[in-house]
Every structure is written in structure tokens, then in C-alpha cells.
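The values are calculated or read from the model by the stated rules, or taken from the named source; none is laboratory data. As the structure is a computational prediction, the values presented were derived from the model and not from experiment. All Cβ positions, even for glycine, are placed from backbone atoms using ideal geometry, and neighbour counts span all protein chains on display. Areas reflect the complete protein model, heavy atoms only, side chains present, ligands, DNA and RNA absent. Shrake-Rupley method; radii C 1.70, N 1.55, O 1.52, S 1.80 Å.
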Amino acid sequence: MLKGMLLGNQIKQPGSVSKSFFAYLSLGQWLTLGAVSMIVIVSWEQLSTAFLTNIPLNGLIISVMLIGLGRAIASNVQLWRTSLYLHRIDDLVNGGEEPTEAHVTLFRRQLKRSASVLDTKQMSDLLGNLTRYGHLNVTDNDARMVKSKLGFRVSKMRENTGFLAGMLVMLGLLGTFWGLLATIDAVGQAMGGMANIGEADASAMSGFIGKIAAPLEGMGLAFSSSLFGLSGSLLIGFFNFLCGGVHNLFIESVSRWIDERIPAPPEKAKKAQQNPKVANSDELKAWLAGFVQTSLATNQKIVKLIEAMTEITASTLATEKMMRESLQNQAGMQEELLEHRRAYARGLHVVRKEINDRSFDLAARLRRLGAGPVDFGEVTEASQAAGQGTLYSELEKLLQRDDILAALKIDDEGLPQTGIEFPKPTDEPAPDQRPDV
């Protein structure tokens, strides 16, 4: 155990992160805690008497001191857990087991709990490389970002503990001035009560001395807050100094650990970087010739691209022109169809008028043949033999052609109604074959 405490902070090899618990709570820290404990045990009566002089303030000072010690120890324990986390990654990579998504998920969950000082987006992405490459495959940029975040967070923990040490000094000074104020008030009251004492009054003088001695004796106890404050600040400051060495060693070890996970370049690349070759005049001429040739080829491709774009633009304009002409032709065809419909309506009007005229003409001829009104349902065979039956039949067929009259109807605009089929022509006697009555 003692050997581990003595050699806990020693780096065995470059890039190694110690996972020993005594590397983070070193021998100096244990000795400091032991020495403070011994002083408290030996001086317990005096410390308890001093504590009772100002219980609220002294209790606050001791509480802040314990919180500072707890934060310093907790920061080192957190670094120790982080080192165990890094060793678990190494065990998986070097153990021969194939990393899976379950391992990556587990490591990312532990990154937030056990290794919060390394919890960055870059580190989470590097864990995803375990399934793709079998190792972290750290890049220069990722290494730089992780190391900068690690250094900032560790130094922030140390600064927070140092702030508590400074706070203890301020609380001790506050207790000092508090005690001095109370003592000065007591002395002032004693001096005011002895203003009228004569030279021969020995008993009054002894009472004055007693009043002065009481607050002066209490001044020593009034400085107890300063004692606790300065002692706590000294303890936390020294303990924080010892933790600072652990923090710096941890940052250095993790930085080396990350740098060793960066894939090394090939030997040829290393030699090229160490001994860069300077181009001679012939190589520069060849490079310039190739650059000019590449530029010419690129310009030719750009010209072809511009020509293709011009053709596409011309085709687009021609298509738009054809669409406009088609729309204009459709508008003209609609006007022409409308004109045909109107002409057709006028022709239907003429036909309807002719049918009406023929109907009135036939009716007049029938009135001239008979004296009374004609009953089309009572046509005899004798009248048909005389020629009247032919006229009756013709008039009856004409007047019963309601489908023709319906087909000749027009709408409100003077156009024939659509959707009506015209009747087929029937066998009727020609006008020259009809009897002249």
C-alpha cells in the first residue's frame, strides 16, 4: 500500500493513465488529513471553547471548510473514475473482442456519469469509430478539442476549491471585526461609568479595573472566528495545491493517451514531411504545361455547357411560343364555332317559319273544303277517295311532329339547344306529288 502511495503518480510509460486509487489521493494528502485530525484531537477543549464564543459564524466557517475538502477529494475521485473508464476502452480494443453497438452505447452512457470531464461531442463521435475501425481512430482536430475541454474543466474544478479557501479568509476577518466591535462597546460603557470617581475611592477603582478586564479577556475568544477561518483557508489551500499536482499529471497522461490513438502516417509520408523535395525548373515547366492544358479543357467544357444552356433556353422559348399560338388558335376556333351555331340557329328559324306557314296554309285549304271544323279522328273513306284524306293525313303528320319543333328551340342567347338529336326523315310525299286542293 505504501509503495502504491509513493509510486502512484509516476508514469510507467508514455501515454499510460494510472488507475491506482493512491495516484489520485497521494501520500501528501493523506498525511495532511492525518496531521489536521491529530491537532483537532489534541486541542479539542480549546477549540470547543473558542467555537462556543460565536456558534453561528464559527459553524458556517467549519461547514465551508468541510465542503472545500469534500470538493477537492471528490474531484480527484472523479479523475480516478475517468482513468478506469479509459482502461475499459483499452481492454475492449486490445482484448480481441469485436466492438458492437451495445459496447458503444454502454461507453456513451458511462461517459456522462463516470467520465464527465471527457464528455464532449468529439469524444462521443470517437466512440462510434469502435464499430467501424475497431479503435478510436482519433484525428488531430478531435484530439485538440478533447484536450482543450479536459484542461478547462479540470482547472475549473481547482478554481472552485480555491474560491472556497478565499471565502474562509473573508469569514474569519468578519468574525474579527465583529469581536472588536463588541469589545470596544464594552470598554466604552465601563469608561463612561467611571467618569466621576475620586482619587481616594479605591473600591470604585477596583470595580473599574474589573469591568475593563472582562471585555479584554473576551477579545481572545472573539478572535476565534479568525482562527477557524485562517486555519480552514490554510488547510484547503494546501490540499488544493496537492490536488493541483494530481490534476496536472492527469491532464498530461490523458493528452499522451489521446495522441497515441492518432493513426501514424506511413513511412513514405513521414520522410516526405521531414525532407520536402524542392521542384526544379523542368518540373515547374511540366506543372505549368499541365495546368494550362487543364485550364483549356475546363474552358472548353464551360463553353459546351453554355451552348447547351442556350439551346435549352431557345427550346423553352419556342415551346412557349407554340403554346401561345395554340391558345390563340383555340380562341379563334371557339369564335368560329360560335358563328356556326348562330348561322345554324338562323337556318332553323327559317325552317320553323316555313313549317308554320305550311301548317296555316293546309288549315286554310281544309276550311275551304268543309264548312265546319275538321275532326281528324273521323275521316271517312269517301273523303279520302276525293283527295281530302291525303291533306288530312299530311296535316296530322305535320302537327304531330313535336320532336321537330322541340329540336328547333333556341336558348336565351339565340343559339340552338345542344344535346338534342334531330329526328330522322320520314317517307312523305314530295311537294309535286301532293294533291292540289
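Each label point was placed 7 Å from the Cα along the Cα-to-Cβ direction; for residue 349 and residue 262 their separation is 9.9 nm. Within the full protein context, the accessible area of residue 257 is estimated at about 10 Å² for a probe radius of 1.4 Å. Residue 155 exposes around 40 Å² of accessible area when a 1.4 Å probe is run over every protein chain in place.
The mean sequence distance of close C-alpha pairs (under 8 Å, at least 6 residues apart), as a share of the length of region 28-164, puts its relative contact order at 23 percent. Here r is the Cβ-Cβ distance between residue 297 and residue 333 and R0 is 56 Å; the resulting FRET efficiency, rounded to 0.05, is 0.55.
Can you order the peptides 311-323, 125-137 by their average number of other Cβ atoms within 10 Å per residue, highest first? Write down the numbers at each step before the final one.
Details: 311-323: 10.0, 125-137: 16.2.
Result, highest mean first: 125-137, 311-323.
Highest-first packing order for the peptide set 17-28, 290-301 is 17-28, 290-301, based on the mean count of other beta carbon atoms within 10 Å.
For a Förster distance of 60 Å, can you work out the FRET efficiency between the beta-carbons of residue 358 and residue 320, rounded to the nearest 0.05?
Details: r = 57 Å, r/R0 = 0.96.
With a Förster radius of 60 Å, E is 0.55.
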